[in-house]
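This report concerns only the one structure given below.
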Amino acid sequence: MPFQFRKEAIEEDLNSNFPSQGQGNPPLYYSLSETVVPTYSINQVAEGSSLPTYLQTAWDSSTGNAVFGASTGSTTLISNTGFWKVDVIFAGATSLSGAVALTADIDIFDGLTSKPVWGLQSVVNQTSQSQTVENQEFYVFLRSGDSLRGTIGGLSGFCTVSVVYRQVADVNGNLVNPLGFSFA
């Protein structure tokens, strides 16, 4: 049997908002005001059993990094499956005599084809040296057999790409909390 109670404020509110239901004499008992139904939130963030996204994706001591650019060509950055947070910083300078655009690309490579996910081309100026600096953060998903690669084009030695990355979820979407984190 549910717990029943009578709350005059609720009855008055219902009677004033629903006058066609009558101003009961004796007072009307609404099922809305008679039964208390306990609720349970299954929201993990509300109950404190998971981190908010901005904390869950924090850089930690498992963060990996790679710097490439000393020579042209491709460098494998990540070859493990899952969801990855990636931060790229490109710094390049063109030479006065070079007049060649510097390019940097990051792609997902499945062993046969590559799908670009980030790219940059520096400005070419034949009368003066120009410098380009770019920073961008993004997320990628790598399946089995996929890898994240970085490629430099143009004059070798004139640019550097620094990539910092951390796994934020496994291939099945299970979140990976920062290394060493546990709920107290």
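A short reminder: the numbers here are calculations on the coordinates, not readings from a lab. The model shown is predicted, which means the values in this text are computed figures rather than measured ones. So basically every Cβ, Gly included, is an ideal-geometry build from the backbone, and we count neighbours across all protein chains shown.
Under 5 Å between amide H atoms, partner at least 5 residues away or on a different chain: which partners does Trp118 have, H built in plane at 1.01 Å?
Under 5 Å from the amide H of Trp118 lie the amide H atoms of Ile106, each far enough along the sequence or on another chain.
Would you mind checking which residues have amide H under 5 Å from Ile78's amide H? H placed 1.01 Å from N; only 5 or more apart, or other chain.
Here the answer is Leu148, since their amide H atoms fall under 5 Å of that of Ile78.
When a/c is below 1.5 the answer is rounded, else prolate if a/b is larger than b/c, else oblate, so apply that to the stretch 139-184 with a ≥ b ≥ c taken from the square roots of the Cα gyration tensor eigenvalues.
Verdict is oblate for the stretch 139-184.
Fewest Cβ neighbours within 10 Å first, please rank Lys85, Lys115 accordingly.
If I rank by nearby Cβ atoms, fewest first, I get Lys115, Lys85.
Just want the ordering: Leu142, Leu102, from fewest to most Cβ atoms lying within 10 Å of their own Cβ. List each step's numbers first, then the result.
Details: Leu142 20, Leu102 26.
The most exposed by this proxy come first: Leu142, Leu102.
Taking the Cβ of each residue in Tyr165, Tyr54 as the centre, tally the other Cβ atoms inside 10 Å and list the residues starting with the fewest.
Values: Tyr165 21, Tyr54 7.
Ordered by Cβ neighbours within 10 Å, fewest first: Tyr54, Tyr165.
Within a Cβ distance under 15 Å of Ala58, other residues only, what is the Lys/Arg minus Asp/Glu net charge? All intermediate terms of the calculation are to be shown ahead of the outcome.
On the way: positive: Lys85, Arg166; negative: Asp60, Asp87, Glu137.
After counting each charged neighbour, the total is -1.
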